[in-house]
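Report on one structure; see the data block that follows.
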């Protein structure tokens, strides 16, 4: 699963927990270990500013790492070299002060992801509360990707101007990095200050965890459909050229120089293949191909999207598009329309071919590093284009992978 999908999974998991009703509630508790503490593998991986001395050097007593050192200002007792953290400027909505905390395994030093549900802020610093420098407005964000985001907001809170630890809970959320945006203090125009920052994992009881697993299995199916939808979007952007109704018949000029079209291989045996009926044509889905699910409803022309084996470092994508033509349009006229819509691409090859017993025209177009291997057919008043999208450096491999699929094509 990709990192953006992990972020989506974590956020939706939080939504599942938060949305649970009385009849199927999922209760969680926070652990007692502060995973943001430096002693437990927490670390500052980014921040907006620190207080500087007259020589523009950071002041150790007010440095950002003091937020995670586990040393607190209590009453009149202040650690000798840890007063808390102070920024170099006051915060605002337009220009917040901020810091980002990352999590590592204290034994291995490797970055790790936690399921968290609580942050705790101690606003207390060595400066008195009445001068208004302590933190007030905050936004808590998480990322499972990097310390640069993308970020998902889990809550916006107000920290009261009192010398006490303040706890903020939210639905369990996957996080490898936590960022805190500070948009206000309690009135100072000089800086914002904070004493300590803590983060706690979520603990889900075993029987309720089983319930979540069932929900997550459903969520993973949704994510698969989302992934297929993204593949379709890429393919759709590159194949819309074949869906425009062609103009009146004219004299075409087929692009490119003649070359040998794709030679279909022997179709896969019925015991390991899946027949697909599209009305105008049928084909057999080889075992190393899969049909994209739930992403072509409402499309007027797109009839099929398939995900194939990996070639050249990317999955092979295959589409079938079909359009009812106005009147009797010759194949050469239809090919001209298809080629004209690809005039910004580089025509590699063009050649008459046969596909499933029908007359076809095979085109290869290259655009922005992608090769588009197209079979154009006109049959029974319909213009049909079968397109495979593959890296331009892997055309030969793509043709081999397409062989069993194209060999199985039959016209109804």
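All of the numbers you see were taken from the coordinates with simple rules; none came from a lab. Note that this is a predicted model, so its numbers are computed, not measured. FYI the Cβ positions are ideal-geometry reconstructions off the backbone, even for glycines, and counts take in every protein chain you see.
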Could you tell me how far the Cα centroid of region 88-147 sits from the Cα centroid of region 354-392, in Å?
55
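By average Cβ neighbour count within 10 Å, what is the ranking of 105-113, 304-312 from highest down?
304-312, 105-113
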For peptides 362-375, 189-202, sequence by mean Cβ density within 10 Å, most packed first
189-202, 362-375
Find, to one decimal place in angstroms, the Kirkwood hydrodynamic radius of region 93-132, where the mean of 1/r is taken over every pair of different Cα atoms and then inverted.
14.1
